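I have placed the structure first, in the form of structure tokens, so that the comments after it can refer back to it.
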Amino acid sequence: MTIAQTQQYYSPEEYLELEVNSEERHEYIDGQIILMTGGTPNHNQIAGNFYSVLNFALKRQPYRVFFTDQRLWIPNRRIHTYPDVMMVKTPLEYEEGRRDTLINPVFIAEVLSKSTKSYDRDEKFAAYRTISSFQEYVLIDQYKMHVEQYFKTENNKWIFSEYEDGDVILSLASVCFQISLADIYDNVDFNAEE
């Protein structure tokens, strides 16, 4: 998508037209189109582990779980993004005029990379917090066993917890779900990422 490098500003509509026809995924951040780089094997393993256990645990419940390719629109910040793992309460709510872009996540997990960890913790989390349905955020380090959890208790109040031991159980507060850190990091080779 070389056009993104020649133009400075894009409307959300221009981005969506380009994105639907693109072979690569891009984020849209208030007029800018940013190419999303491919994930490492550890990144994909962690996101896949979390997604598969959560998706199975929520079978026959009023939630849908999505993995990496589901676009999310954050209207208050004018951002289109693709969370690593996103849980949405049914019925699904879509961006106006679209059937491929959601707007009502309850839970999001992001796997941190060296290039995105600051953005995921700060600006992206701040953007997610503008979504009224959003209640819980989990950040998973791909270079060491370390998970951060944020849960909304009331407007403008969030509880923070962090975990670093494989035997520890992460319990989501937004839905009845538990997973051990050992299961999140199953088949992850930290030495491969050095």
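The values are calculated or read from the model by the stated rules, or taken from the named source; none is laboratory data. All values reported here derive from a predicted model rather than from experimental measurement. Because the Cβ atoms are built from the backbone with ideal geometry, glycine has one as well, and the counts that use them run over all protein chains shown. The area values use the complete protein model at the heavy-atom level, side chains included, leaving out ligands, DNA and RNA. Shrake-Rupley method; radii C 1.70, N 1.55, O 1.52, S 1.80 Å.
Under the Karplus relation 6.51 cos²θ - 1.76 cosθ + 1.60, θ = phi - 60°, what is the ordered set of whole-Hz ³J(HN,Hα) values for segment 123-132, x standing for Gly and Pro?
Each residue's phi maps through the Karplus curve to give 4, 5, 4, 4, 5, 4, 5, 7, 8, 4 Hz.
Starting from the exponent 0.38 and prefactor 2.2 Å, build the expected Rg for segment 113-187 from its residue count and divide its actual Cα Rg by it.
Against the compact-globule rule of thumb, the ratio is 1.13.
Mind checking the dipole of the chain: about its Cα centre, +1 per Lys or Arg Cβ, -1 per Asp or Glu Cβ, Debye to the nearest 20?
660
Taking the Cα-to-Cβ direction at Q61 and at E164 and moving 7 Å from each Cα, how far apart do the two end points lie in nm?
Label at Q61, label at E164, 3.0 nm between them.
Students often check this: by mean Cβ neighbours within 10 Å, which of 8-21, 117-130 ranks highest, and how do the rest follow?
For the peptides 8-21, 117-130, the packing ranking is 117-130, 8-21.
By per-residue mean of other Cβ atoms within 10 Å, what is the highest-first order of 28-38, 101-111?
Going from most to least packed, we get 101-111, 28-38.
On the accessible surface of the chain, probed at 1.4 Å, how many percent belong to carbon and sulfur atoms?
Working: 4730 of 10300 Å².
Carbon and sulfur atoms account for 46 percent of the accessible area of the chain.
How large is log10 of I(q)/I(0) for the chain at q = 0.15, 0.19 Å⁻¹ when the intensity is taken from the Debye formula with one equal scatterer per alpha-carbon?
These q points yield log10 I(q)/I(0) values of -0.93, -1.43.
Quick one: compute the contact order of segment 52-194, relative version, from alpha carbon pairs under 8 angstrom and 6+ residues apart, as a percent.
Rounded, it is 15 percent for segment 52-194.
Determine the distance separating the Cα centre of segment 122-194 from the Cα centre of segment 12-43; give it in Å without decimals.
Answer, in whole Å: 24.
Hey, if you put +1 on the Cβ of every Lys and Arg and -1 on every Asp and Glu Cβ in segment 1-146, which of M36, A47, T101 ends up farthest toward the positive end of that dipole?
Highest projection toward the positive end goes to A47.
Please work out whether segment 24-118 counts as rounded, prolate or oblate from its C-alpha gyration tensor, where a ≥ b ≥ c are the square roots of the eigenvalues and a/c under 1.5 means rounded, while otherwise a/b larger than b/c means prolate and anything else oblate?
Cα axes put segment 24-118 in the oblate bin.
Could you report the chain's accessible area per residue, 1.4 Å probe, as an integer in Å²? Mind showing how you got there, number by number?
Numbers: 10300 Å² over 194 residues.
Averaged over the residues of the chain, the accessible area is 53 Å².
When a/c is below 1.5 the answer is rounded, else prolate if a/b is larger than b/c, else oblate, so apply that to segment 58-97 with a ≥ b ≥ c taken from the square roots of the Cα gyration tensor eigenvalues. List each step's numbers first, then the result.
Working: a/c = 2.77, a/b = 1.57, b/c = 1.76.
Verdict is oblate for segment 58-97.
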